[in-house]
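Here is the structure we will look at.
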Amino acid sequence: MIIISNRFLSPQKINKNAFKNCSNLESIEFGPDSSLEEIGEKSFYNCISLQALNLPKSVKIIGISSFENNKSLSKLELNEG
């Protein structure tokens, strides 16, 4: 599990291929004060154990194939923002 919750330490961008092929990654939590704005291309590509993701309202850009080939991903929530 990855937890991104502090607005002062939270990245504004998850870089291209950042977690690509992380087969043991099951969940990611973003705090309500997350400043994440961009998810780079193929950031979570082939994370076959990732099951659910709730993106913070600050996200404005989701790169191409960011969640491609995530066979276990059954829930992706986009918050209003």
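The values are calculated or read from the model by the stated rules, or taken from the named source; none is laboratory data. Treat the numbers as computed from the prediction; the structure is a model and nothing was measured. All accessible areas refer to the heavy atoms of the entire protein, side chains included, with ligands and DNA or RNA removed. Shrake-Rupley method; radii C 1.70, N 1.55, O 1.52, S 1.80 Å.
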| Under Karplus coefficients 6.51, -1.76 and 1.60, residue-wise ³J(HN,Hα) of the range 36-44 in Hz, glycine/proline x | 4, 10, 9, 10, x, 3, 6, 4, 10
| task | Return the label of the correct value of P(r) over Cα pairs in 10 Å bins from 0, in percent, as calculated from the structure shown, out of [x] 20, 60, 19, 1; [y] 21, 57, 22, 0; [z] 18, 41, 30, 11, 1. | result | [y]
| said: Whole percent per 10 Å bin, from 0 to the bin with the longest distance: what is P(r) over all C-alpha pairs of the range 21-63? | reply: 28, 53, 19
| query | Once amide H atoms are built 1.01 Å from N in the peptide plane, which residues 5 or more positions from Gly31, or in another chain, come under 5 Å H to H? | reply | Ile4, Ser5
| request: Apply the Karplus parameterisation 6.51 cos²θ - 1.76 cosθ + 1.60, with θ equal to phi minus 60°, to every residue of the range 50-55 and state each ³J(HN,Hα) to the nearest whole Hz, in sequence, with x for glycine and proline. | output: 5, 9, 8, 8, 10, 7
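Leaving out ligands, DNA and RNA, what percent of the accessible area of the chain is carbon and sulfur, probe 1.4 Å? Walk me through the numbers on the way to the answer.
Numbers: 2360 of 5120 Å².
Answer for the chain is 46 percent, counting heavy atoms of protein chains only.
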| query | Lysine pairs, Cα distance under 18 Å, 8 or more residues apart or cross-chain: how many in the chain? | reply | 11
| Per residue, how much accessible area does the chain have with a 1.4 Å probe, in Å²? | 63
